[in-house]
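Note sheet for the following structure.
The values are calculated or read from the model by the stated rules, or taken from the named source; none is laboratory data. Bear in mind that the values here come from a model prediction, so they are computed numbers and not experimental data. With ideal geometry, Cβ positions are generated from the backbone for all residues, glycine too; neighbour counts draw on all protein chains shown. Accessible surface is based on the protein model in full, side chains and every heavy atom, while ligands, DNA and RNA are left aside. Shrake-Rupley method; radii C 1.70, N 1.55, O 1.52, S 1.80 Å.
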Amino acid sequence: MSPPASFQLESRSDGTLAVSGVLTFDTAHAALRALRDKLAAGVFTALDLAGVERGDSAGLACVLAVLADVRAHGRALTVRHLPDGLRALAQVCEVEDLLTA
């Protein structure tokens, strides 16, 4: 039996919130809660996804929801290092512009 999928968040001193691990259906709900908590507690200007090993449509939805939350509060958050798989999903779903707006 393989270990459960997981993800991690790291707050960096340059205002970046780094996500690593797995961002899929199995982790998206917990990831969304954790991201919302972190973003509400601090001032972040970037969401770095370089450490995301695997993502799916639920992971993409999580990222889009976080961006919508931040923007609804009049703040900006730049997505950096979007993994190729998530970028391809965003293109197919025609939501890539939402990731850069």
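Send over a whole-number figure in Å² for the accessible area per residue of region 1-93, probe 1.4 Å.
Accessible area per residue, region 1-93: 56 Å².
Order these peptides, 5-14, 44-53, by their mean beta-carbon neighbour count within 10 angstrom, highest first.
Averaged packing, sorted descending, gives the order 44-53, 5-14.
At a 1.4 Å probe, what is the % contribution of carbon and sulfur to the accessible area of the chain?
Here it works out to 55 percent.
Just need the Rg to Rh number for region 34-101, please, alpha carbons only, Kirkwood Rh.
A ratio of 0.94.
Sort region 16-58 into rounded, prolate or oblate with this rule: let a ≥ b ≥ c be the square roots of the eigenvalues of the Cα gyration tensor; rounded if a/c is under 1.5, and if a/c is not under 1.5, prolate when a/b is larger than b/c, oblate otherwise.
Here region 16-58 falls in the oblate category.
Nearest 5 percent is fine: what portion of the DSSP beta bridges confined to the chain is antiparallel?
If I count the DSSP bridges inside the chain, around 35 percent turn out antiparallel.
In region 1-69, if the dipole is taken from +1 on Lys/Arg beta carbons and -1 on Asp/Glu beta carbons about the Cα centre, which of VAL52, LEU35, VAL63 is farthest to the positive end?
LEU35
Let me spell out the model: positive unit charges on the Cβ of Lys and Arg, negative unit charges on the Cβ of Asp and Glu, origin at the Cα centre of the chain. What dipole size does that give, in debye rounded to 20?
280
Just report the Cα centroid separation between region 7-66 and region 85-101, whole Å.
For region 7-66 versus region 85-101, the Cα centre distance is 16 Å.
Give the relative contact order (percent, whole number) for the chain; include only Cα pairs under 8 Å separated by 6+ residues.
Rounded, it is 26 percent for the chain.
Run lengths n ≥ 4 of DSSP H only: what is the helix-derived mean residue ellipticity at 222 nm for the chain, with -39500 (n - 2.57) per run over all residues, to the nearest 500?
-13000 deg cm²/dmol, from helical runs alone.
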